[in-house]
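Contents: one structure, followed by commentary.
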Amino acid sequence: MVASAAGTASGGLPPEFVAGFAETLAEVSASCRALSRGEREARRVLGEQAADAGFGLRELAAAHLAAARRAWPTLPGVAGARDAAELRQVGSAVLTALEAGVAALAEGHDRAQRHAVRRAEEARRAFVDDLLYGRSDPGRIAEQAERFGLRLADRHVVAVAAPPPGETYDTKHPLLRRAERELAGRFGDHDGLIAPKDGRLVCVVPTGQRAVLDVFVKITSAYRVAVSRPHSGAVGVVRSYEEALSALDLADRLGLTATVLNSADLLVFPVLLRDRAAMADLVRTVLGPLAEARGGAKPLLDTIAAYAAAGYVNAEAARRLDLSVRALSYRLERIAALTGFDPDDPLQRYTLETAALGARLLDWPSNPL
């Protein structure tokens, strides 16, 4: 009579997850056969079911080992062994079956874990899409957000990190793992959400946890990261996300070299672009004559931009352009002669600088106006 495993599973594991294993070992001991494909698959299924029910592989394996230990003295092959050699043969067959059964349990358990991770990633990706694009009911989004550690009633800031050229940030990228690990290590359970989106990394953080955002920016700013202004609610997260994306786009179009971009610092550019026709007219009227210069308009446009960025200090502007101060002075004279606007006149230099910004935003002179 084989001792049944029913009602004897240890560690709080329900007996159904060990059901039939002692009986299978009894058959193996009697014939010294290997586990059949069907028997191994049955253990894989039980491994999956145990994982789905929240039981760990350690307690599942321990319950099967305990069932085998209890059943051993009553196994037919053990009780009927005529000598030590036959007992060794039976023991080898039972141990081989036990090893195969536990391996099948582990395969099933791992398979369920992978499926669970995949489902969680899909749910997270769907939530991030709904959150950042505002495509779902705000109440439903707020309810889902709490599962991911966000309380959308708060004001939030969004940071978007762009990858270096040729790279894409996804769920397997080491930078995402590093950011998650460092934030968890420093802040424990924080209310920030970090996720890849369209090849970039996005971090949504309540304004009360600005330190979390600062660490994220520090980790991801090797290439470029943009930070939005704070806004409230689910709609505010969408607005913040769009602000950060706009800042990255402006940085590319303007050739900005800063690795950390604050949307608040770039608010003037959307204003300049709001009336595109007026901006194009300004560029044509003020800078159009630069096209007549030897070498075209671009070197003189670069000069206007560098002169403004240097605070209208000749020596610094010359250093930025890799020119002598004399060569810079010659270029400034040419700009004044061709456009009629003097870069050293406070009012006229503002017109030149605004027109030069407009030219960069409109990609002039590469794109005719």
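For the chain, the antiparallel share of DSSP beta bridges with both residues in that region comes to about 85%.
Once the Cα atoms of helix 57-71 and of the chain are each reduced to a long axis, what angle between those two axes, in degrees from 0 to 90 to the nearest 10, is obtained? The helix 57-71 is inclined about 10 degrees to the chain. For the chain, take the longest principal axis of its alpha carbons; what is the angle in degrees between that and the long axis of helix 276-287, to the nearest 10 within 0 to 90? Roughly 50 degrees between the two axes. The residue 293 and residue 273 beta-carbon pair, evaluated with R₀ = 22 Å, returns a calculated FRET efficiency of approximately 0.25.
Please compute the Kirkwood hydrodynamic radius over segment 15-116, one decimal place, Å, based on all pairs of different Cα atoms. By the Kirkwood definition, the hydrodynamic radius is 13.8 Å. Which shape class, rounded, prolate or oblate, goes with segment 231-288 when its Cα gyration tensor gives a ≥ b ≥ c as root eigenvalues, a/c under 1.5 marks rounded, and past that a/b bigger than b/c marks prolate? In terms of gyration-tensor shape, oblate. Among the chymotrypsin sites (Phe, Trp or Tyr not before Pro) found in segment 162-236, those both in a DSSP coil and sparsely packed, with 13 or fewer other Cβ atoms within 10 Å of their Cβ, are 223. For the listed peptides 49-55, 127-133, a ranking on the average number of other beta carbons within 10 Å per residue, highest first, reads 127-133, 49-55. According to the Cα-based calculation, Rg over Rh for the chain is 1.30, with Rh computed by the Kirkwood formula.
Relative to the Cα centre, the charge distribution of the chain, modelled as +1 at Lys and Arg Cβ and -1 at Asp and Glu Cβ, gives a dipole magnitude of about 460 debye. Principal-axis analysis of the Cα atoms of the chain puts helix 298-309 at an angle of about 80° to the longest axis.
Net length available on complete extension from residue 351 to residue 123 is 77.0 nm, with 0.36 nm assigned per residue and the Cα-Cα distance removed. Ranking 35, 18, 235 by how far each Cα lies toward the positive end of the dipole of the chain (charges on Cβ) leaves 35 at the top. Looking at the square roots a ≥ b ≥ c of the eigenvalues of the Cα gyration tensor of segment 204-306, which shape do they give, rounded for a/c under 1.5, prolate if a/b is larger than b/c, or oblate? Since a/c reaches 1.5 but b/c is at least a/b, the shape of segment 204-306 is classed as oblate.
Coordinate-derived values only; no laboratory data. All values reported here derive from a predicted model rather than from experimental measurement. Methodologically, a virtual Cβ is constructed for each residue, glycine included, from the backbone with ideal geometry; neighbour enumeration extends over all protein chains shown.
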